[in-house]
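The values are calculated or read from the model by the stated rules, or taken from the named source; none is laboratory data. Not measured: the values here are computed from a predicted model. Methodologically, a virtual Cβ is constructed for each residue, glycine included, from the backbone with ideal geometry; neighbour enumeration extends over all protein chains shown. Please note that ligands, DNA and RNA were not included when accessible areas were found on the heavy atoms of the full protein model with its side chains. Shrake-Rupley method; radii C 1.70, N 1.55, O 1.52, S 1.80 Å.
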Amino acid sequence: MATWDRSDVLALIAIAVAVVAIAAGALAAQRWGTRRGRITLMATASSLIPEGYIRESTKNLLKVTWRDIDVEDPHMVLIGIFNTGPRDISSAHFDGGKPLLVRLNCKMFGVTALSDHSVPMVSGAIGDEAVIQLGPHLLRKGEVWAVNVIVGGRPRPELVSPLIDTDVEDGTRPAKGLIDSTSTHSSRG
């Protein structure tokens, strides 16, 4: 039977402490370390003149204009970029200083509201493709950038992201269903 001397016991204790320290370090890095960021795109749209509402007899009674330009099939779109991740997303995370792009795949008419006026934002010109550019700018954990726009046509939002170490979630699926159901229900009216 082997006997344990003091150096053997100390060596075993040192190994046990090292294993616990490595495990604790790995858990701490996972919990508080450099985890990937995450943003979520949400978009909801409302038709300003529901399908089926305008009939030949009432065609000129109701219309939507933007700066005296008629908007065909007008929709109000609320776009939200949510930081749903575990950390802030700084300006440095925007690869090459490129902004986030939200393509709506319809015609742009104008921006009616922006939640944070310090966020750099650019929109397309009236009648051009509806594209909103946001950033680069600090997007704090839990914060949202929100933009309201008027567009012509049914929007189909897509996010183009230059963000480094950041996952992008598409939260627009419920919004697409909402857009479809809004058009369907209003045409029955």
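What about Arg55, is it at pLDDT below 90, farther than 26 Å from Pro155 by Cβ, of a type in the set (Lys, Arg) and open to solvent by 100 Å² or more (accessible area, probe 1.4 Å)?
Judged against the criteria, Arg55 is not a match.
Name the one entry in Val71, Val77, Val102 that is open to solvent by less than 40 Å² (accessible area, probe 1.4 Å), in contact with a Cys (Cβ under 9 Å, 6 or more places away or on another chain) and modelled with pLDDT of 90 or more.
Val77
Quickly run through the range 80-97 and pick out the residues that are among the aliphatic types (A, V, I, L, M) and open to solvent by 60 Å² or more (accessible area, probe 1.4 Å).
Answer for the range 80-97, where residues must be among the aliphatic types (A, V, I, L, M) and open to solvent by 60 Å² or more (accessible area, probe 1.4 Å): just Ala92.
Among the residues of the range 7-37, count how many are open to solvent by 80 Å² or more (accessible area, probe 1.4 Å) and either of a type in the set (Gly, Ala, Ser) or at pLDDT 85 or above (or both). Can you show your working first?
First, pick out the residues of the range 7-37 that are open to solvent by 80 Å² or more (accessible area, probe 1.4 Å): 10, 12-13, 15, 17, 19-20, 22, 27, 30-32, 34-36.
Subset that is either of a type in the set (Gly, Ala, Ser) or at pLDDT 85 or above (or both): 10, 12-13, 15, 17, 19-20, 22, 36.
So the count comes out to 9.
When both residues are 6+ apart or on different chains and their Cβ atoms are under 6 Å apart, which pairs have a first residue that lies in the range 84-111 and is free of Cβ contacts under 8 Å to residues at least 40 places away in the same chain, and a second that is assigned to a loop (DSSP other than H, G, I, E, B)?
Filtered contacts from the range 84-111: Gly97/Pro136.
I need every pair where a residue in the range 1-30 that is farther than 30 Å from Pro86 by Cα has its Cβ under 9 Å from the Cβ of a residue that is of a type in the set (A, V, I, L, M), sequence separation at least 6 or different chains.
Matching pairs, first to second residue: Trp4/Leu12; Asp8/Ala2.
Taking the range 150-167 only, how many residues are closer than 14 Å to Pro99 by Cβ and over 11 Å from the mean Cα position of the chain (by Cα)?
Looking only at that region, the number is 4.
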